[in-house]
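Peer 1: Pasting a structure below so you can have a look.
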Amino acid sequence: MKVFIKLASYLFHPIWMPFIGALIFFEITPRFFPDPVVKAKLLAISILTVFIPIVFYFLLKNLNLVDNMMLKTAQERRLPMLFFCLVILTVINFILPEREYIALFYFFSGILYTSMMGLLLVIFKFKVSLHMMGISGVAVFLACLSITYGINLSYLIAFTLFAIGWTASSRIQQKAHSNIELIVGTLIGGLPQFILLIGKNIIL
């Protein structure tokens, strides 16, 4: 059972969440996008949000600035989070033009605001849960897509809600976070997605 709970920390690591959100969007959107375009966008997003951050992590590890991928201290999280903010800015400005990919544009904009708030908190030595930021953002995004397109995503949304609880349990079991750090991570992960999509009348 302990192994099962611990598994969530790896399956729902925040580094996967932007790509997963984009992948689900292209799978369920009723809008037509040519397959070569979809593959190109997903490849670009995976390179920028997964592979490049992993390379950056190994660079920091070789410089003894981080211990492992879980970034156990607030101090260790500062440079990776600043770098991730720059990566998301790159995706927004060069990969996902607003007019063509409006829902994804605001999904990544929400990720940017979430990351900036998380960075601000770790600067003040509050170790907010990055795992909860990531999975809660995807959960709210899926709920908004379900409303937007009138598609029944109940099972998928239910799974992400289960994943939120599973991930929170995993982080508690590993004594990685306090309850308040998990709650704050969930809020700043989900609220920007909801506010941006509502504010831009995407789901109304």
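Every read-out reported here was derived from the displayed coordinates using simple, explicitly stated rules and does not represent laboratory data. Values in this document were obtained by computation on a predicted structure and should not be read as measured data. A quick note on method: Cβ atoms are made from the backbone with ideal geometry, for glycine too, and the neighbour counts reach across all protein chains shown.
Peer 1: Please determine, in degrees from 0 to 90 and to the nearest 10, the orientation of helix 17-28 with respect to the longest principal axis defined by the Cα atoms of the chain, where the helix direction is its Cα long axis.
Peer 2: 20 degrees
Peer 1: Compute the Kirkwood hydrodynamic radius of the stretch 77-116, taking the inverse of the mean of 1/r over all pairs of distinct Cα atoms, and give it in Å to one decimal. Please report the intermediate quantities before stating the final value.
Peer 2: Numbers: mean 1/r = 0.0987 Å⁻¹.
Final number for the Kirkwood radius of the stretch 77-116 is 10.1 Å.
Peer 1: How would T49, T186 line up from fewest to most surrounding beta-carbon atoms within 10 angstrom?
Peer 2: On the way: T49 26, T186 23.
Ascending Cβ contact count within 10 Å gives the list T186, T49.
Peer 1: Further, regarding this structure: Of the listed pairs K2/K127; K6/K41; K6/K175, which have alpha-carbon separations greater than 22 Å here?
Peer 2: Values: K2/K127 24 Å; K6/K41 32 Å; K6/K175 11 Å.
The answer is K2/K127; K6/K41.
Peer 1: Here's something else I'd like to know. Which FRET efficiency value, to the nearest 0.05, do you get for F126 and F19 by plugging their Cβ-Cβ distance into 1/(1 + (r/R0)^6) with R0 = 45 Å?
Peer 2: 0.95
Peer 1: Top mean-square fluctuation among L153, L63, L82, Gaussian network model of the chain, C-alpha springs under 10 Å?
Peer 2: Looking only at L153, L63, L82, the biggest GNM fluctuation is shown by L63.
Peer 1: If you don't mind, another one. By how many nm would the segment from I198 to V55 lengthen if fully extended, with 0.36 nm per residue of separation less the alpha-carbon distance?
Peer 2: Working: separation 143, 0.36 × 143 = 51.48 nm, distance 3.55 nm.
So the extension gain works out to 47.9 nm.
Peer 1: Looking at the stretch 66-156 from every direction and averaging, what is the projected area of its Cα convex hull in nm²? Please report the intermediate quantities before stating the final value.
Peer 2: Numbers: hull surface 26.9 nm².
Mean shadow area of the hull around the Cα atoms is 6.7 nm².
Peer 1: Normalised by the number of residues in the stretch 2-199, what is the relative contact order in percent for Cα pairs under 8 Å and 6+ residues apart?
Peer 2: 30 percent
Peer 1: Any chance you could check the Cα centroid distance between the stretch 133-167 and the stretch 1-79 for me, in angstrom?
Peer 2: Rounded to whole Å, the Cα centres lie 18 Å apart.
Peer 1: Once you sort the root eigenvalues of the Cα gyration tensor of the stretch 1-74 as a ≥ b ≥ c, which label holds: rounded (a/c under 1.5), prolate (a/b larger than b/c) or oblate (the other case)? Don't skip to the end; give the middle numbers.
Peer 2: Details: a/c = 3.90, a/b = 1.62, b/c = 2.41.
Oblate.
Peer 1: For the chain, take the longest principal axis of its alpha carbons; what is the angle in degrees between that and the long axis of helix 35-46, to the nearest 10 within 0 to 90?
Peer 2: 20 degrees
Peer 1: Among K2, K127, which comes first, then next, by fewest other beta-carbon atoms within 10 Å?
Peer 2: Values: K2 9, K127 21.
Least crowded to most crowded, the residues run K2, K127.
Peer 1: Using only the Cα atoms, work out Rg/Rh for the chain, with Rh taken as the Kirkwood radius, to two decimals. Provide the component values of the computation, followed by the final result.
Peer 2: Values: Rg = 16.4 Å, Rh = 17.2 Å.
Rounded to two decimals, Rg over Rh is 0.95.
Peer 1: Taking a point 7 angstrom from the Cα of V3 along the C-beta vector, which residues in the stretch 161-200 have backbone N less than 19 Å away?
Peer 2: 167, 170-171, 173-174
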